[in-house]
Amino acid sequence: MPARPNATLAARRDNLHKRARILQQIRAFFSQRAYLEVETPHRIPCNAPEEYILPQESTSAFLHTSPELCMKRLLAAGYAHIFQICRCWRKAERGRKHLPEFTMLEWYCSPGDYLDLMRTCEELLCALVPDEVLVWQGTTIQIKSPFERVTLSQAFTRYAPISLQEAMQDDIFEEVYTDHVEPQLGIDRPTFVYDYPTDMAALARCRPDAPHLAERVELYLGGLELANGFSELVDPTEQRQRFCATLDCMQVEFPERMMPEPFLSELRHMPPSAGIALGVDRLVMLLTDAATIDAVVAFTPEEL
Amino acid sequence: MYSSSDLKKGLKIILDGEPHVVEAFDFIKPGKGQALYKCKLRNMITGTRLDRTYRSGESFEPAPLEERDMQYLYQDEVGYVFMDTKTYEQITLLEQTLGDDRYFLTDNMDVKVLVFNELGIGVTLPNFVNLKVTQSDPWVKGDTAAGNNKPATVETGYTLQVPSFVDEGTLIQIDTRTGEYVTRVKE
């Protein structure tokens, strides 16, 4: 038996207390707005194919990387306002802001689009920060509606040495984005980045007036990416094509080319909807002024 | 070979033919984009620091480094000469490679020399070394600005802060990892 109690774990007591309260506040927020809290299976036959998200195998199935497929099937069956707080798994993601097992808040509304998601994000954060000021790692962020809104293309023009188009042509999007753009987002007030190239939004609807752009939005506070959502793509044919294109890019061979068929077949019943995923651990980091994700969970994978 | 996902603080890899150590590391991944592995690297020969960002699926050659038990012999016009205690082979380390460690070498001291392709690129010294104070002004009473400390120079030319009661000729113990005074030593 160790001579002393686990000091790392004991030092997280304040943050874990705050975390529990934040979870209660989130549930109260959505219940007040008549959202139904749902639970969907963590272990599923296949995830939505995404080029850079690696699912964790679980014997003959996978752990979900996000609850989106099951939640959209609920939408298609007529559940108009739903939310879920659950664990998600993404293989090989570990860093100051990443855990391979993390907690996600997802909510969906129909009818709705990404503008509705932005408004709900504003209301949620304002409810969580009633005194309107959040200090995170030395940055003072005013939490007051409306938040800043900037398209991805504008964000590159404003902060990066090259344009979004050039960065994509030269295949250095991630490098330029993380070096120049991300650190500038959500500094004085939270920032929504919206309208992404369709290639970067596998499950999002295209803008009717600009089909090369998808109605996707990301929320940033203090340079930290907090949420990602979109106006949902509800066309099953186009969705299948996008999934196939992703699998082609990843050069996935035939036996593994599993498609989420129940999701695709029910998609045609889905009304115009919007959904968003928010990293709960990162939200707690912001609200507890924690520098790392390790400080806001009871155990990291290395501590097991 | 290492891959991007093996990158972490302390890993030693070959870059442009020279050994580099990862001094700081961060995993970043913009939403739905691909993962990036950001490293601060130090060239273990020249000490030059550089930033590198890698993507998934890149591979890295491990740096073939070897730690040899050696004895410090003497200083010549080129540098500091060490001898392998098993093979009697001699290796010379340059002043810039040793940095402040050169001040803590005493004759016949047993050290570990880090060797890359027959080139000595660093030493691990004993944690403590005893050196004689060769110069230190008497402490002026009332000089409170420096607390109770005063500067002193030891036989190898290294200057450090010592307590006021340490006089010239005193043998003192120094922590080679911090370069700081530890205690007086009875001869």
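Values in this text are rule-based calculations from the coordinates and carry no lab data. Treat the numbers as computed from the prediction; the structure is a model and nothing was measured. For neighbour counting, all protein chains shown are included, and Cβ atoms are generated from backbone atoms with ideal geometry for every residue, glycine included.
From the largest down, the protein assembly as shown spans 90, 56, 53 angstrom on the principal axes of its Cα atoms.
Calculate for chain B the 222 nm mean residue ellipticity that helices alone would give, adding -39,500 (n - 2.57) per DSSP H run of length 4 or more and normalising by residue count, nearest 500 deg cm²/dmol. Write out the running numbers ahead of the final one.
On the way: 1 runs with 4 residues, N = 187.
Value at 222 nm, helices only, nearest 500: -500 deg cm²/dmol.
Counts of other chain beta carbons within 10 angstrom of each beta carbon in peptide A:173-179 average 5.
Kirkwood-based Rg over Rh for the stretch B:2-62 (C-alpha set), two decimals?
Details: Rg = 11.5 Å, Rh = 11.7 Å.
Using Cα coordinates only, the ratio equals 0.98.
Subtracting the Cα-Cα distance of B:GLU155 and B:LEU94 from their residue separation scaled by 0.36 nm leaves 20.0 nm. Each residue of the stretch B:126-132 was assigned a 3J(HN,Hα) from its phi angle through the Karplus expression (A = 6.51, B = -1.76, C = 1.60, θ = phi - 60°), giving x, 5, 10, 9, 9, 9, 8 Hz with x at Gly and Pro.
Kirkwood hydrodynamic radius of chain B from all distinct Cα pairs, in Å? Kindly include the intermediate steps, with their values, before the conclusion.
Values: mean 1/r = 0.0517 Å⁻¹.
Its Kirkwood hydrodynamic radius stands at 19.3 Å.
Only Lys, Arg, Asp and Glu count, each charged at its Cβ (+1, +1, -1, -1), so figure out the dipole size of chain A about its Cα centre, rounded to 20 debye.
1140 debye
Each part gets one Cα centre, and for the stretch B:32-46 versus the stretch B:86-128 those centres are 28 Å apart.
In chain B, Cα pairs under 8 Å separated by at least six residues give a relative contact order of 13 percent. Per residue, the average separation of C-alpha pairs within less than 8 Å and at least 6 apart gives the stretch B:128-184 a relative contact order of 40 percent.
Summing -39500 (n - 2.57) over the DSSP H runs of n ≥ 4 in chain A and dividing by its residue number, what mean residue ellipticity at 222 nm do you reach, to the nearest 500 deg cm²/dmol? Walk me through the numbers before you get to the answer.
Numbers: 10 runs with 96 residues, N = 304.
After summing the helix terms and dividing by the residues of chain A, the value is -9000 deg cm²/dmol.
Among A:VAL133, A:THR246, A:TYR196, whose Cα projects farthest towards the positive end of the dipole of chain A, with charges put on the beta-carbon of Lys, Arg (+1) and Asp, Glu (-1)? With unit charges placed on the Cβ atoms, the residue in question is A:VAL133. Relative contact order, whole percent, for the stretch B:2-62 stands at 37, derived from Cα pairs under 8 Å and 6 or more residues apart.
Mind checking the stretch A:111-196 for GluC sites (Glu not before Pro) that DSSP puts in a loop (not H, G, I, E or B) and that have at most 13 other Cβ atoms within 10 Å?
Numbers: sites: A:GLU122, A:GLU123, A:GLU132, A:GLU148, A:GLU166, A:GLU174, A:GLU175; in loops: A:GLU132.
Hits after loop and neighbour filter: A:GLU132.
A protection proxy built from the mean count of other Cβ atoms within 10 Å ranks the segments A:276-283, A:111-118, most packed first, as A:276-283, A:111-118. Quick check: Cα centre of the stretch A:242-296 to Cα centre of the stretch A:25-70, how many Å? When both Cα centres are located, 8 Å separates them.
Of all lysines in the structure, those lying under 21 Å Cα to Cα from A:LYS97, and not within fewer than 8 positions of it along the same chain, are A:LYS18, B:LYS8, B:LYS9, B:LYS29, B:LYS32, B:LYS38, B:LYS40.
Evaluate peptide B:34-43: per residue, the Cβ atoms of other protein chains within 10 Å of its Cβ; return the mean as an integer. Mind dumping the intermediate values first?
Details: counts 6, 10, 6, 1, 4, 0, 0, 0, 0, 0.
Mean number of neighbouring Cβ atoms from other chains: 3.
Quote the Stokes-Einstein diffusion coefficient, in whole µm² s⁻¹, for the stretch A:7-299, based on the Kirkwood radius over alpha carbon pairs, a temperature of 37 °C and a viscosity of 0.692 mPa s. Display every interim value, and only then the final one.
Values: Rh = 19.8 Å.
It diffuses with D of about 166 µm²/s by this estimate.
Shielding value for B:20-31 is 5, the average number of Cβ atoms from other chains within 10 Å of each residue's Cβ. Only one residue of A:ALA274, B:PRO151, A:ILE187 has its Cα farthest out toward the positive end of the dipole of the protein assembly as shown, where Lys and Arg carry +1 and Asp and Glu -1 on Cβ, and that residue is A:ALA274. Look at B:THR183, A:THR246, B:THR87, A:THR103 and count the other Cβ atoms within 10 Å of each Cβ; fewest to most, that gives B:THR87, B:THR183, A:THR246, A:THR103. Between the residues B:VAL21, B:TYR72, B:SER5, the greatest Cα displacement towards the positive end of the dipole of the stretch B:1-102, with unit charges on the Cβ of Lys, Arg, Asp and Glu, is found for B:SER5.
Sort A:CYS244, A:CYS121 by Cβ crowding within 10 Å, fewest neighbours at the top.
Details: A:CYS244 14, A:CYS121 22.
Least crowded to most crowded, the residues run A:CYS244, A:CYS121.
Stokes-Einstein diffusion for the stretch B:65-124 at 37 °C, viscosity 0.692 mPa s, with a Kirkwood radius from C-alpha pairs, works out to 294 µm²/s.
Working note: Karplus 6.51/-1.76/1.60 with θ = phi - 60° gives the stretch A:158-163 the couplings 6, 10, 9, x, 10, 7 Hz, where Gly and Pro are set to x.
Computed 3J(HN,Hα) for the stretch A:277-288, one whole-Hz value per residue from the Karplus formula 6.51 cos²θ - 1.76 cosθ + 1.60 where θ = phi - 60°, is 10, 10, x, 5, 4, 5, 4, 5, 3, 5, 7, 10, glycine and proline marked x.
Can you classify the stretch A:245-293 as rounded, prolate or oblate using the Cα gyration tensor, where a ≥ b ≥ c are the square roots of its eigenvalues, rounded means a/c under 1.5, and otherwise it's prolate if a/b beats b/c and oblate if not? Walk me through the numbers before you get to the answer.
Numbers: a/c = 4.07, a/b = 1.68, b/c = 2.42.
Oblate shape, in that a/c is at least 1.5 and b/c is the bigger or equal ratio.
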